[in-house]
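Chemist: For reference, the structure I am asking about is given below.
Please treat every number below as a calculation from the coordinates, not as lab data. The structure presented is a predicted model; accordingly, all values stated were derived computationally and were not measured. Glycine gets a Cβ as well: all are built from the backbone with ideal geometry, and neighbour counts include every protein chain shown.
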Amino acid sequence: MATKDDIQTEIDGLEARKEALQQRLPVTPNAKDRAAINAQIGTLNEQISAKKNELSTAAMATPRALSGTEIGLAASTLKNTLDNLARNADQADKALRADPASEEAFNSLQTALTSLFRAEQSAVANGIQITPSVSLRNGLYVRTREGVTATPTQAPAGPPADEARRIGRRPISGPAIKEAPEEVTPPAPTGGTPTVVTPTEASTAPVGGAANQWVATQLELRNMPDTPENRKMLRGEYRKRPAASTDWKAEFEQRYPDLANLINLDPEIAAIAERAVNEEWFRYPEQALSILTREIANTPYGRTATETQRTFDSKRMQDQMDLVEDKMSRLKGAYGGLGLDDNEWFNISRNAVRSGLNDNQVKSEIYSTVYRRDPNTGQFAFENAVKQVEQGKLAQDVNGVFQNEFLLAQPGSEYLESYARGEITLEDVRRQARVLAKQRFPGLSDFIDQGLNVKAIADQYRSQAATILEMPSTGIDMNDPKFLAALDFRDEQGSRPMSFGEFTTLLKTDPNYGWQYTKQANKQALDIATTIARTFGKVV
């Protein structure tokens, strides 16, 4: 595992690249170039997030620094421990030299050197002054010198201890061990200068996980049975393999163009690509593609990205941009812009295409952006866009349920926002309106429970009022309190709807309804006047 300093350095580098791109964005006039920059920023954000998770893991794994007393106690027994581990490594080394093809001898030496390496690095990380005798080279553990001396000292503060934890833990790319053994510089003792240790004779046998990994991969690439004989043969090839490519990235892009873009999305994918080139997987095309697909799927990127996202990410940048711009054009046409800027539409469109969002998911993405709030002020980031929504079809849908179907007041803005975001459906709005309508018109509860909405009941009173008042039904506003009274008549029994007879009487006797101006009212008045005149003997 890389140390905290290593990971933080990578994060700082990614942050610097992101900041540079963000500074370029406002001065980039071309929309396509801005879109490309936004895509790069999005990728960097994903990489930074992954690295921060890795940093948290490394922080938990960081060894605790020993106190002076603990260092003294550790040093008193350290020499015997390291000497015993060194003797085990010597014996395992001799056994492998006697039979270089022995699988058992190979594994024994690997185990012995791993134990010695870990003990030495743990001692160094905790402030014990030693000169390590094992280093990690090309993923292999090798002996670098004979003999170990342990001397207690106060744990150095700051970078020296961190640097010590890094020694031997990071694979070094380069030629095979026999061709160019590398010098290892352990941390400097307190108050002194670093001691440069030149290796004596490095082990001629490959030791460590890299060899086993190479052998296992070759068995799969060549469809060979996993037998001791085949492993012995492949291990012999491993020792004679060519030097690592200095331009592996270009070769990978040439041989695997459909996967080339993924190299920049995850450092682990880059490491897999480098292995594929240096181990010449291309000699076995079908198996190589299968292994690449599986290995990439096991990276942090592969575990979080869907198949649709991986397919999109593997496309050439220009092809990605063409898909995003086409989606962006169609969405802006369908939603009328909504007052969002091009950067927001680009991000929405890219996510829609990359993740394969359906129409409802895209709608939710768009309106979640519209209703985004400033975390500091709580104000809408796009107030004009919110106003457009409040005057558009979505608002008509929600308001229609409340006002037209259930004769309620206009609902609060939270209903519209939740509906626009896709958090609730129109049926959810209608369900809540039923609850409120039963509270507003308790006398209609039984009808509402039977599935009727308030409008269906009110329409019967509307029709009666239109006939009596001699006006079209469209002129009767059942939301008007004077008409709404028919649905909420209060007496000693509580709230109930009026009978039609009661409503007729109300319409004809209350001058606020204007029945007195109707033809029927005038005719009745004339008939009454005529009857009275005849009663007194007048001829009419």
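Chemist: Please express the shape of segment 219-293 as an equivalent ellipsoid: the semi-axes are the square roots of 5 times the eigenvalues of the C-alpha gyration tensor, given largest first in whole angstrom. Numbers along the way, then the final one.
Modeler: On the way: eigenvalues 119, 41, 20 Å².
Taking √(5λ) for each Cα gyration eigenvalue gives 24, 14, 10 Å.
Chemist: Which FRET efficiency value, to the nearest 0.05, do you get for Gln361 and Leu219 by plugging their Cβ-Cβ distance into 1/(1 + (r/R0)^6) with R0 = 56 Å? Show your work: numbers first, answer last.
Modeler: Working: r = 44 Å, r/R0 = 0.78.
My answer for the efficiency is 0.80.
Chemist: Counting Lys and Arg as +1 and Asp and Glu as -1, what is the net charge of the other residues whose Cβ lies under 10 Å from the Cβ of Phe406?
Modeler: Taking every Cβ under 10 Å from that of Phe406, the sum is +4.
Chemist: If the chain between Arg24 and Glu423 were fully stretched, how many nm would it gain, using 0.36 nm times the residue separation less the Cα-Cα distance? Please report the intermediate quantities before stating the final value.
Modeler: Details: separation 399, 0.36 × 399 = 143.64 nm, distance 3.64 nm.
Once the chain is fully extended between Arg24 and Glu423, it gains 140.0 nm.
Chemist: Excluding same-chain residues fewer than 8 positions from Lys519, which lysines have a Cα within less than 19 Å of its Cα?
Modeler: Straight-line reach from Lys519, under 19 Å: Lys508.
Chemist: Taking R0 as 25 Å, what's the FRET efficiency between Gln318 and Ala271 from their Cβ-Cβ distance, rounded to 0.05?
Modeler: Values: r = 27 Å, r/R0 = 1.07.
Efficiency computed from Cβ-Cβ geometry: 0.40.
Chemist: Under 13 Å from the Cβ of Lys249, count the other residues' Cβ atoms, weight Lys and Arg +1, Asp and Glu -1, and hand me the total. Don't skip to the end; give the middle numbers.
Modeler: Details: positive: Arg255, Arg275; negative: Asp247, Glu251, Glu253, Glu274.
Value of the local net charge: -2.
Chemist: Taking H placed 1.01 Å from N in the peptide plane, check which residues at least 5 places from Lys315 or on another chain put their amide H under 5 Å from its amide H.
Modeler: none
Chemist: Separate question: Between Gln40 and Gln439, what is 0.36 nm times their sequence separation minus the Cα-Cα distance? Round to one decimal in nm. Provide the component values of the computation, followed by the final result.
Modeler: On the way: separation 399, 0.36 × 399 = 143.64 nm, distance 5.43 nm.
Contour length minus the Cα-Cα distance gives 138.2 nm.
Chemist: Let me ask you something else. So what does log10 I(q)/I(0) come out to for segment 243-380 at q = 0.10, 0.13, 0.20 Å⁻¹, using the Debye formula with one equal point on every Cα and no solvent?
Modeler: Rounded to two decimals, the profile gives -0.46, -0.68, -1.11.
Chemist: Also, I was wondering about something else. If packing is taken as the mean number of other Cβ atoms within 10 Å per residue, what is the order of 266-272, 517-523, 314-320, 290-296, highest first?
Modeler: On the way: 266-272: 18.7, 517-523: 12.3, 314-320: 14.1, 290-296: 16.3.
Ranking, from highest mean packing down: 266-272, 290-296, 314-320, 517-523.
Chemist: Still on this structure, please answer the following. Whole Å is fine, so just give me how far the alpha carbon centre of segment 437-489 lies from that of segment 318-382.
Modeler: Here the two parts' Cα centres lie 42 Å apart.
Chemist: If you don't mind, another one. Within the set of other residues whose C-beta is less than 14 Å from the C-beta of Thr217, count the net charge using Lys and Arg as +1 and Asp and Glu as -1. Show your work: numbers first, answer last.
Modeler: Numbers: positive: Arg222, Arg231, Arg235, Arg241, Arg275, Arg283, Arg294; negative: Glu220, Asp226, Glu237, Glu274, Glu279, Glu280, Glu295.
Taking every Cβ under 14 Å from that of Thr217, the sum is 0.
Chemist: According to a simple spin-label model (label point 7 Å from Cα along Cα-to-Cβ), what is the distance in nm between Ala485 and Gln524?
Modeler: With each label placed 7 Å out from Cα toward Cβ, I get 1.6 nm.
Chemist: Given a Förster distance of 22 angstrom, what is the FRET efficiency for Asp342 paired with Ala250, based on the Cβ-Cβ distance and rounded to 0.05?
Modeler: Numbers: r = 34 Å, r/R0 = 1.55.
Plugging the Cβ-Cβ distance into 1/(1 + (r/R0)^6) gives 0.05.
Chemist: Run the reach check for Lys482 against aspartates and glutamates, Cα to Cα strictly under 12 Å, same-chain hits fewer than 8 apart removed. What comes back?
Modeler: Within the straight-line cut-off, Lys482 pairs with Asp510.
Chemist: Right, another one. Listed here are the pairs Lys363/Lys455; Lys327/Lys363; Lys327/Lys393; Lys249/Lys315; Lys18/Lys315; which of them are more than 25 Å apart at the Cα?
Modeler: Details: Lys363/Lys455 30 Å; Lys327/Lys363 13 Å; Lys327/Lys393 22 Å; Lys249/Lys315 17 Å; Lys18/Lys315 22 Å.
Long pairs (Cα-Cα over 25 Å): Lys363/Lys455.
Chemist: Also, I was wondering about something else. Just grab the label-to-label distance for Asn298 and Asp446, each label 7 Å out from Cα along the Cβ direction, in nm (one decimal).
Modeler: So the two model labels end up 7.0 nm from each other.
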